[in-house]
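Asks: The structure follows.
Values in this text are rule-based calculations from the coordinates and carry no lab data. Computed from a prediction, not measured in an experiment: that's the story for all the values here. Ideal geometry is used to build each Cβ from the backbone, glycine not excepted, and the neighbour counts take in all protein chains shown.
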Amino acid sequence: MKEKFDAIVVGAGPAGCSCAYTLAKAGLSTLLIERGKFPGSKNMWGGVLYGPILSWLFPHFPKEAPVERPITRRKFSLLAEEAEFTFEFSSKKFSSPPYLGYSLLRAKFDRWLAQEAEKQGALLVAPLQADDLIWEGERVAGIKARGEGFFSNVVIACDGVNSLLAEKAGLRGRLRPRFIKQGVKELIHLSKEKIEERFNLSEEEGLAWEFVGTFTRGVKGGAFLYTNKETCSVGVVVGLKSLLENKVTANELLENFKKHGSISKYIGDGKLIEYSAHLLPVPQKPFSQSFSRDGFLVAGDAASFTFATGFALEGANFALLSGIAAAEATIRAKKEGDFSQKTLSLYERLLKENPLFKDFKTFKRAPHFLENQRLYSLYPPLLCEIAERVLLNEGKPRKKVSHLFRESIKGKASLLEVLYDLWQMRRAL
């Protein structure tokens, strides 16, 4: 008789590893599989983990985990061709534990998290890719990989935005380009001393910096720059549908961003040591569909748990949380000896009741607001132009800001369109 696991977790990213760790710690026999050579080898994110979720699993994780820098400062910039309008926020609260978040490198972090799951008793197999599901009637009973069957009471799909298993389980269809973003990222090496001098940081400080502006050439999306110990994570995240419509590649936009004067002065002499690309889901209404069925759960990016408001783009923390919740539902199902959808639906209740997941409901209009083309092509250069004219002293009488605004916007957008955008922003944020 072939071995049967309590749970098979597919994908050793944050969702899969936190799920496997929680399951194994509770004594459930757990198989964790990863299609990459090792956890983190095929995974990519911008590079910051926000929030307290990891400390719930590992109270002393900053000392144990391979973190880079605590995030103590946040910056947001609107970029025109030759100008920059920047907001910066820092506070004493951000500069002392518990920190706002940490910059991380996936190749190190995912590997560490998977090892912690192994220490609890989870069996990690990599590389191994799940090709199909095994069915017993209407219940998922395991997975097929390399022509071999692996059996379990529950399969938990944490296999990313293009989740083959979630499709085969009938919980979602193939995502269309409008529901996908593409992220490309480069890891730029700079010495520790240069990073701290250029970004005005101490050894125990880090910066998260987000951008929107003309560098995307009308494509809907933005860019980021995060400081690590001796590298900077630099990348763009843009809508796939918008990329196709504008006939441009994300890599071209990244190069355009890096050449901007406001960016090149920080990283222009750095050495490229890594390039990665990744698809991520456009945030949807998170509970408009089911994430469970008999013997099956879906978590992380596979469930489109990405949170975006324009001022925040977070996914890893929600992935960790969904992995933990999926494990808790499976543990309850094990105790009751019932792995039906009725019992496993506890997973969705746990997420709905969690305070962090309430953000999806609070900011449910944000994804639609971020589809506004004017956010990327009109307002960044407009605000830069107005700021330049307000601050410029040419020895002439100055005009009121309202007058400058009307002059600057003439022929670019109507006042009604601007008022509509402000109303939409109010509803979204």
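Asks: Among bridges DSSP assigns within the chain, what percent are antiparallel (round to 5)? Please report the intermediate quantities before stating the final value.
Replies: Numbers: 55 of 79 bridges.
Of the beta bridges lying entirely in the chain, close to 70 percent run antiparallel.
Asks: Can you give the percent of C-alpha pairs in the stretch 369-428 whose distance is more than 19 Å? Don't skip to the answer; put the middle values down first.
Replies: Working: 626 of 1770 pairs.
Value for the stretch 369-428 (Cα pairs over 19 Å): 35 percent.
Asks: Amide H of G160: which non-local residues (sequence gap of 5 or more, or other chain) have their own amide H closer than 5 Å, using H built in the peptide plane?
Replies: Here D301, A302 satisfy the definition.
Asks: Give me the base-10 log of I(q)/I(0) for the stretch 1-131 at each q in 0.17 Å⁻¹, Debye formula, one uniform scatterer per Cα, rounded to two decimals.
Replies: -0.90
Asks: Computed FRET efficiency, Cβ-Cβ of L272 and N354, R0 51 Å: what is it to the nearest 0.05? It would help to have the intermediate numbers written out before the result.
Replies: On the way: r = 39 Å, r/R0 = 0.77.
Once rounded, the FRET efficiency stands at 0.85.
Asks: Right, here's the next one. Calculate, in nm to one decimal, what Q120 and K192 gain on full extension: separation in residues at 0.36 nm each, minus their alpha carbon distance. If you can, show how the numbers build up before the last one.
Replies: Values: separation 72, 0.36 × 72 = 25.92 nm, distance 3.52 nm.
Gain on stretching Q120 to K192: 22.4 nm.
Asks: So, by mean Cβ neighbours within 10 angstrom, what's the order for 106-118, 292-304 with the highest one leading? Kindly include the intermediate steps, with their values, before the conclusion.
Replies: On the way: 106-118: 21.1, 292-304: 27.5.
The densest-packed peptide leads the list: 292-304, 106-118.
Asks: Using only C-alpha atoms and all pairs of different ones, pull out the Kirkwood radius for the chain in Å with one decimal.
Replies: Working: mean 1/r = 0.0437 Å⁻¹.
Computed over Cα pairs of the chain, the Kirkwood hydrodynamic radius comes out at 22.9 Å.
Asks: Students often forget the sequence filter, so: which aspartates and glutamates lie under 13 Å Cα-Cα from K144 once same-chain residues fewer than 8 apart are removed?
Replies: Answer for K144, where 13 Å is the Cα cut-off: D131, D132, listed by chain and number.
Asks: Hey, another quick one. Can you give the % of DSSP beta bridges in the stretch 1-157 that are antiparallel, to the nearest 5?
Replies: Close to 60 percent.
Asks: What are the ³J(HN,Hα) values, in whole Hz, obtained from phi via the Karplus relation 6.51 cos²θ - 1.76 cosθ + 1.60 with θ = phi - 60°, for each residue of the stretch 320-326 in sequence order, with x given for Gly and Pro?
Replies: Here the 3J(HN,Hα) series is 4, 5, 5, x, 5, 5, 5 Hz.
Asks: Sticking with the crude label model, points 7 Å out along Cα→Cβ, report the distance from W56 to S340 in nm, one decimal please.
Replies: About 2.8 nm separates the two model spin labels.
Asks: May I ask you to order 67-80, 125-138, 180-193 by the average number of other C-beta atoms within 10 Å around their residues, highest value first? Spell out each step's value before the answer.
Replies: Details: 67-80: 21.0, 125-138: 14.6, 180-193: 19.1.
Packing order, densest peptide first, comes out as 67-80, 180-193, 125-138.
Asks: Run lengths n ≥ 4 of DSSP H only: what is the helix-derived mean residue ellipticity at 222 nm for the chain, with -39500 (n - 2.57) per run over all residues, to the nearest 500?
Replies: Value at 222 nm, helices only: -10000 deg cm²/dmol.
Asks: Quick one: what Rg and Dmax do you get for the stretch 77-196 from the alpha carbons, in Å?
Replies: 21.6, 63
Asks: I'd like the FRET efficiency for R217 and M425, computed as 1/(1 + (r/R0)^6) with the beta carbon distance as r and R0 of 30 Å, rounded to 0.05.
Replies: On the way: r = 23 Å, r/R0 = 0.77.
About 0.85, to the nearest 0.05.
Asks: In degrees between 0 and 90, to the nearest 10, how far off the longest principal axis of the chain does helix 415-428 point, with axes built from Cα atoms?
Replies: Roughly 30 degrees, rounded to the nearest 10.
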